[in-house]
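Q: Questions regarding the structure given below will be posed in turn.
The values are calculated or read from the model by the stated rules, or taken from the named source; none is laboratory data. Remember, predicted model here, so these are calculated numbers, not experimental data. Neighbour counts run over all protein chains shown; Cβ positions are idealised from the backbone, glycine included. These accessible areas exclude ligands, DNA and RNA; they are computed on the full protein's heavy atoms, side chains included. Shrake-Rupley method; radii C 1.70, N 1.55, O 1.52, S 1.80 Å.
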Amino acid sequence: MSNPSSRVGTVFLVGAGPGDPDLLTLRAARLVMNARVLVHDGLVDPAILAMAPKGCRMISVAKQRSRHTMRQEEINALLVREALAGNDVVRLKGGDPFVFGRGGEEAEDCFAAGVPVQVVPGVSAAMGAAASAMIPLTHRDAASIVSFVAGQCKGLTDQNWAGLAGVGRTLVIYMGVATADAIAEKLMADGLAPTMPVAVVENAARPQMRVLRGALAGLGPLVSDNKVKSPALIVIGEVAGRGDMMELKQVLEAVQ
């Protein structure tokens, strides 16, 4: 990707997937391996960052709860500034850029400044976590509807989640570790059974992945007692228990 100063660069919003470099799309891998300017989130696996070529300028814009390297507005301005300077920019995001990745905000600011944008989708965290934990997000006998929500956002208690979880439905919660207790109380107050299966998938698709299972009423202690840390997703619904059965079957087959 050449950067002559007479041109406006392109911003590539690239999904890095849930962590495993093997889950990158071919186009994402090519862009990373040829990047000259790479702006990345904190949750992007180091093995993926290591694919960038020698001399690539790496800019971390890592975010943590209540502590950001850069505010989102500053990240948007950085992308625009680099592109207007003639640089093609690989903006590398965990999961998919348009699923809780704020890719829409970055694309809008780039377009407003006359900067071209291309979006390279990635395996979303929900899909990666479900596959790694053997949890079928849909199942003919258990769920035909899947909903994605953010568990860490303004006005959580005021949001209406009624009908998002329950019989025949799967609810996947991003960024819900810090608010697990409140999430469980909220859903049970909406009528969801305390015994509804839940699964917490930490570090999905990575060697250190953990899958913790339990019931909705015990979601808070499940997270706190096991010291779960981000990146982690919470899956709530009947399908959350099915993965446990499939994992057990795999273990039994392996020892036979």
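Q: Please work out whether the range 11-120 counts as rounded, prolate or oblate from its C-alpha gyration tensor, where a ≥ b ≥ c are the square roots of the eigenvalues and a/c under 1.5 means rounded, while otherwise a/b larger than b/c means prolate and anything else oblate?
A: rounded
Q: Continuing with the same structure: Just by accessible area at a 1.4 angstrom probe, what is the order of ARG71, ARG213 from largest to smallest?
A: ARG71, ARG213
Q: Can I ask one more? Which of VAL90, SER147, GLY220 sits closest to the plus end of the dipole of the chain, meaning its Cα is farthest towards the positive end, when Lys and Arg get +1 and Asp and Glu get -1 on the C-beta?
A: My answer, from the dipole projection, is VAL90.
Q: Which shape class, rounded, prolate or oblate, goes with the range 112-203 when its Cα gyration tensor gives a ≥ b ≥ c as root eigenvalues, a/c under 1.5 marks rounded, and past that a/b bigger than b/c marks prolate?
A: In terms of gyration-tensor shape, oblate.
Q: In terms of the Cα gyration tensor, with a ≥ b ≥ c the square roots of its eigenvalues, is the range 27-87 rounded because a/c is under 1.5, prolate because a/b exceeds b/c, or oblate?
A: oblate
Q: Rank by packing, highest mean first: peptides 194-203, 135-144, 92-101, with packing defined as the count of other Cβ atoms within 10 Å averaged across residues.
A: 92-101, 194-203, 135-144
Q: Rolling a 1.4 Å sphere over the protein heavy atoms, what is the accessible area per residue of the chain, to the nearest Å²?
A: Dividing the accessible area of the chain by its residue count gives 49 Å².
Q: Which peptide among 50-61, 10-21, 75-86 comes first, and what is the full order, when sorted by highest mean count of other Cβ atoms within 10 Å?
A: 10-21, 75-86, 50-61
Q: Treat every Asp and Glu Cβ in the range 11-120 as -1 and every Lys and Arg Cβ as +1, leave all other atoms uncharged, and give the resulting dipole magnitude about the Cα centre to the nearest 20 debye.
A: For the range 11-120, the charge dipole is close to 300 debye.
Q: Quick one: Cα centre-to-centre distance for the range 18-90 and the range 107-156, in angstrom?
A: The range 18-90 and the range 107-156 have Cα centres separated by 19 Å.
Q: In debye, nearest 20: dipole of the chain around its Cα centre with unit charges on the Cβ of K, R (+) and D, E (-)?
A: 600
Q: With every protein chain left in place and a probe of 1.4 Å, what is the accessible surface of SER132, to the nearest 10 Å²?
A: Looks like 40 Å² after rounding.
Q: May I pose another question? Return the single residue from GLN72, GLN118, GLN159 with maximal mean-square fluctuation; model: Gaussian network over the chain, springs between Cα atoms under 10 Å.
A: Taking springs between Cα atoms under 10 Å, the residue moving most is GLN159.
Q: For HIS139, what charge total do you get from the other residues with a beta carbon under 12 Å from its beta carbon, if Lys and Arg give +1 and Asp and Glu give -1?
A: Spelling it out: positives minus negatives among the neighbours equals +1.
Q: Tally Lys/Arg at +1 and Asp/Glu at -1 over every other residue whose Cβ is under 11 Å from the Cβ of GLU82; what's the total?
A: In short, +3.
Q: Can you tell me the mean projection area, over all orientations, of the convex hull of the chain's alpha carbons? Units nm², please.
A: 15.2
Q: So, with a 1.4 angstrom probe, what is the percent of accessible area on the chain that is carbon and sulfur?
A: 54
Q: Answer with one residue from GLY55, LEU31, ILE75: the one whose Cα lies farthest towards the positive end of the charge dipole of the range 11-120, charges on Cβ with Lys, Arg +1 and Asp, Glu -1.
A: GLY55
Q: Among DSSP beta bridges lying fully in the chain, give the percent that are antiparallel, nearest 5.
A: For the chain, the DSSP antiparallel bridge percentage is about 45.
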